[in-house]
Amino acid sequence: MIGAHGTARVLLLCEYPTVNGGEQSMLSTFDAVGQAGFSITVACPSSGPLADCLREREIPTLPFETHDPHGRRLGQEERREGLKNLLSEHRPGLLHANSLSTGRLSGPVVRELAIPSLAHLRDIIGLSRRAVDDLNHHQRLLAVSQATRDFHVGQGVDPQRITVLHNGVDLDRFRPNNAPTSLREQLGLPPSARLVVTIGQIGLRKGHDVLVDAAVRLAGRLLNVHWLVVGERFSQKAESQRFEDDLREAAAGPLAGHMHLLGWRDDVDQVLRAADLLVHPARQEPLGRVLLEAAASGLPVVATDVGGTREIFPKDGEGAILVPPDDAATLAETTLRVLTDDTLRQAMQRSARRRAEEAFNVRRAAAELVEHYRELLGLSTGKGTDR
């Protein structure tokens, strides 16, 4: 639907109240999408970090609740009925489901209401036949990496509907800067301390247990290294709680004084500029946002060669060195090599920033997203212009 002033109305659908990588990627495109003539409204839970962030940025929202007042998660059909009522009342020109879960939820609804739609696939997870059918109701599916696309096509997602759109990163916010930061002072560490940072939701998929194993292996060899863990646990499953408990025990035990659990931070750009190395031991990663942010910050990376990570760093040593997943010994030795070889680390710093500039500028990602919006709405496109 086109508004009274010729503005195309896009409704972005978010299921969770948190601000993680998918939400950060969404938020980073808003300025460019608005400048291209689209009016953005976000349907999301009415309270939480995401709603607060949207209010701060003066982005219109519509309440889309996924839990009842007692905290019970609503069933799929209840959520679909709520979404159907919301869409019937507001009739956006285009629905953009910002995740695989909202894509599955909204697929049958937009088909019934004949609303143009697309869904972002930001996860590599197994799907049932019914879930695949739900996704195939969308006119277009955007996979964040070729690895993500290949995985879902292998599950039966229609290859004609799914295309790759790499996320981008704000190259102005995330940039190299040799000016000293206060992070070491905040943590009570000397200026000579080497900082190795890991950023991501605390859980088995991110491989924090492998990080701990590698850190213990290096404990007697790198006495001035401190391991910073940035992120929170969101899963309430017992196994996830035990995973976090094990991490905290390691930080208080064999790695006491050298592993620092910092929780959620709103100054990730500052943390990356203060660090000497990003270690990312994930067991699966569609296209890790923190890897893009590290590259833009000129921070060397040691990461596992999983999912779309090779698409970010196609050549070893040029910004990153990739290692096998679940291999703490190789992770430890590679970390040691980068931290103790100043020439290698400096070359990786330069290559990382260059790679981000070449392939992952958020302006490019936003321009491509705008083209998808225009095509689905039957508007003239800006293809052929300088992006």
Next on the checklist: Cross-link candidates for Lys315: which aspartates and glutamates have Cα within less than 12 Å, leaving aside residues fewer than 8 places away along the same chain?
Outcome noted: Asp305
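I need to check one value: relative contact order of the chain, counting alpha carbon pairs closer than 8 Å and at least 6 residues apart, in percent.
On the way: 717 pairs, mean separation 59.3, N = 387.
Once normalised by length, the contact order is 15 percent.
Percent antiparallel among DSSP beta bridges with both residues in the chain, to the nearest 5?
Details: 2 of 45 bridges.
Of all bridge pairs located within the chain, approximately 5 percent are antiparallel.
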Checklist outcome for this item: Under a Gaussian network model of the chain whose springs join Cα atoms within less than 10 Å, the largest fluctuation of Arg364, Arg221, Arg289 belongs to Arg221
Checklist entry - How many angstrom lie between the C-alpha centres of region 264-315 and region 79-119? => result 33
Next on the checklist: Can you give me the distance in nm between label points at Asp133 and Gln35, each placed 7 Å from the Cα along the Cα-to-Cβ direction?
Outcome noted: 4.4
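Using a Förster radius of 25 Å, what is the FRET efficiency between Thr330 and Arg194 based on their Cβ-Cβ separation? Nearest 0.05, please.
Numbers: r = 20 Å, r/R0 = 0.78.
With a Förster radius of 25 Å, E is 0.80.
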Checklist entry - Per residue, what volume in Å³ does the Cα convex hull of region 203-318 take up? => result 110
Checklist outcome for this item: Averaged over all viewing directions, the convex hull of the alpha carbons in the chain casts a projected area in nm² of 19.6
Checklist entry - Hey, in the GNM for the chain with a 10 angstrom Cα cutoff, which one of Asp267, Asp150, Asp342 fluctuates hardest? => result Asp267
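Between Glu58 and Leu113, what FRET efficiency follows from the Cβ-Cβ distance if R0 is 35 Å, with the result rounded to 0.05? All intermediate terms of the calculation are to be shown ahead of the outcome.
Working: r = 28 Å, r/R0 = 0.81.
Calculated transfer efficiency: 0.80.
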Next on the checklist: How large are Rg and Dmax for region 149-197 when calculated on the C-alpha trace, in angstrom?
Outcome noted: 20.9, 55
Item to check | 15 Å cut-off, amide nitrogen to a point 7 angstrom out along Ser46 Cα→Cβ, residues in region 65-109 | outcome: 65-71, 82-83, 86
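With N residues in region 122-247, what two-decimal value do you get for its Cα radius of gyration over 2.2 N^0.38 Å? It would help to have the intermediate numbers written out before the result.
On the way: Rg = 20.2 Å, N = 126, 2.2 N^0.38 = 13.8 Å.
For region 122-247, the normalised Cα radius of gyration comes out at 1.46.
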Checklist entry - Based on the Cβ-Cβ distance of Arg72 and Gln160, what FRET efficiency does E = 1/(1 + (r/R0)^6) give at R0 = 45 Å, to the nearest 0.05? => result 0.70
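Between Glu318 and Asp305, what is 0.36 nm times their sequence separation minus the Cα-Cα distance? Round to one decimal in nm.
Details: separation 13, 0.36 × 13 = 4.68 nm, distance 1.42 nm.
Stretched fully, the Glu318-Asp305 segment lengthens by 3.3 nm.
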Item to check | Free-standing Cys, the chain [no other Cys Cβ under 4.7 Å] | outcome: Cys53
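Taking the mean number of other Cβ atoms within 10 Å as a proxy for protection, how do you rank 192-201, 278-287 from highest to lowest?
Numbers: 192-201: 19.8, 278-287: 24.9.
By packing density, highest mean first, the sequence is 278-287, 192-201.
Below 8 Å, C-alpha to C-alpha, sequence gap of six or more: please give me the relative contact order for region 307-387 in percent.
This gives 26 percent for region 307-387.
Each reported figure results from applying straightforward, stated rules to the coordinates on display, with no laboratory input. Note that the coordinates shown come from a computational prediction; the quantities given were computed from them, not determined experimentally. Every residue, glycine as well, gets a Cβ built from its backbone with ideal geometry; the counts of neighbours run over all protein chains shown.
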